[in-house]
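One structure is given below, encoded as structure tokens.
The values are calculated or read from the model by the stated rules, or taken from the named source; none is laboratory data. Keep in mind that what you see is a predicted model, and the values were worked out from it rather than measured. Here the Cβ positions follow ideal geometry from the backbone for every residue, glycine too, while neighbour counts run over all protein chains shown.
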Amino acid sequence: MNEILPDTAEAFGKLRDSIFQGGELDRKTKELIAIASSVLMRCQFCVDTHSQRAVAAGASKKEIAEAIAIAMFIAGGSQLGWTNIYGENVYDIIFGEKKSEELEEEKTEKDKGCCCGK
């Protein structure tokens, strides 16, 4: 991509430089945030790269592990309340008393556009 779109590659590099240099957060903190974000984005290359950069900025292995644990917590917790398309949490519907026939009646035309709708 660098050879095909050199202007884009250069702009991306400038964006990276502007984010990771200067500012209110120190470099180590920024790299730890990048590690957690990379875990959430499932980018192994990014996790490795930002982990190496975090160590170079003074992060310990335990700090890196904590950043990864935070990402794991956010990923897990985000699944508890991620949808509210029926006017209530989908897990309340799944584990509640409503029957699937009642849910089908509540669906709007928009809801039926889902791959799960009929």
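For segment 69-111, enumerate the residues that are out of contact with any helix residue (DSSP H, G or I) (no Cβ under 6 Å at 6 or more places or on another chain), modelled with pLDDT under 70 and closer than 30 Å to residue 37 by Cβ.
81, 82, 84, 85
Regarding segment 28-46, can at least one residue be identified that is outside any helix (DSSP H, G or I), free of Cβ contacts under 8 Å to residues at least 60 places away in the same chain and within 17 Å of residue 75 (Cα to Cα)? Break it down into steps so the answer makes sense when it comes.
Restricting attention to segment 28-46, the residues satisfying the condition of being outside any helix (DSSP H, G or I) are 42-43.
Then keep just the ones that are free of Cβ contacts under 8 Å to residues at least 60 places away in the same chain; that gives 42-43.
Narrowing the set further to residues that are within 17 Å of residue 75 (Cα to Cα) leaves 42-43.
For segment 28-46, residues outside any helix (DSSP H, G or I), free of Cβ contacts under 8 Å to residues at least 60 places away in the same chain and within 17 Å of residue 75 (Cα to Cα): present.
For the list (1) aliphatic (A, V, I, L, M); (2) more than 22 Å from the chain's Cα centre (by Cα); (3) surrounded by 10 or more Cβ atoms within 10 Å (Cβ to Cβ), I need the number of the one condition that residue 41 fails.
For residue 41, the exception is condition (2).
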